[in-house]
Amino acid sequence: YILQNMVDPNAVIPNEYRTSTIEMKDDRLITGVVKSQDNNALTVATANDTLVLPRKDIASVTQGELSMMPEGLLDTLQDQEVRDLIYYLRQPAQASLPAQ
């Protein structure tokens with residue numbers, strides 16, 4: 001699953017990872033993943049921030065077909081580096097930082 005999504009991030013995108021483009025009434029466009037929504041607001045995670053957008057300020061919301069994960073992540077890695085990365089990502093605990 002991890003490798004498949006790194007090789008082709010747009011092949012299978014669960015709804016909770018689909019990007020949406022939100023057009024605001026002031027003509028701004030915001031692209032991100034809708035994390036939560038209710039009658040009053042949408043909470044959107046963008047590449048740099050998490051925004052709470054009041055519904056009264058939103059003109060439209062369009063769900064996209066592209067993942068936020070960029071394509072070509074593995075293109076610069078050697079085969080062994082890809083295997084090492086997958087091994088690391090599958091570990092249940094985070095690795096400790098080296099002592100300074």
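The values are calculated or read from the model by the stated rules, or taken from the named source; none is laboratory data. This one's a predicted model, so the numbers in the text were calculated from it and none came from an experiment. A quick note on method: Cβ atoms are made from the backbone with ideal geometry, for glycine too, and the neighbour counts reach across all protein chains shown.
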**Request:** Kindly indicate which of Val12, Val34 is surrounded by 11 or more Cβ atoms within 10 Å (Cβ to Cβ) and assigned to a loop (DSSP other than H, G, I, E, B).
**Result:** Val12
**Message:** Please go through region 38-80 and give me each residue that is closer than 29 Å to Met6 by Cβ and free of Cβ contacts under 8 Å to residues at least 12 places away in the same chain, ordered by number.
**Reply:** Thr43, Asn48, Asp49, Gly72, Asp75, Thr76, Leu77, Gln78, Asp79, Gln80
**Prompt:** Of all residues in region 21-31, how many are part of a strand (DSSP E or B), in contact (Cβ under 8 Å) with a residue 24 or more places away in the chain and surrounded by fewer than 16 Cβ atoms within 10 Å (Cβ to Cβ)?
**Reply:** 4
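Quick check: anything in region 63-71 out of contact with any Pro (no Cβ under 9 Å at 6 or more places or on another chain) and in a loop (DSSP other than H, G, I, E, B)?
Step one: list which residues in region 63-71 are out of contact with any Pro (no Cβ under 9 Å at 6 or more places or on another chain), which gives 63-65.
When the remaining residues are screened for being in a loop (DSSP other than H, G, I, E, B), the result is none.
No: region 63-71 contains no residue that is out of contact with any Pro (no Cβ under 9 Å at 6 or more places or on another chain) and in a loop (DSSP other than H, G, I, E, B).
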**Prompt:** Consider Asp79 against the criteria (1) exposed (fewer than 11 other Cβ atoms within 10 Å of the Cβ); (2) among the acidic types (Asp, Glu); (3) under 13 Å from the mean Cα position of the chain (by Cα): it satisfies all of them except one. Which criterion is unmet?
**Reply:** (3)
**Complete:** Given the conditions (1) touching a strand residue (DSSP E or B) at 6+ places or on another chain (Cβ under 8 Å); (2) of a type outside the set (A, V, I, L, M); (3) exposed (fewer than 14 other Cβ atoms within 10 Å of the Cβ); (4) at pLDDT below 85, every one holds for Gln94 apart from (1)
**Which numbered condition Met6 misses (of (1) under 30 Å from Arg90 (Cα atoms); (2) at pLDDT 95 or above; (3) in a helix (DSSP H, G or I))** = (2)
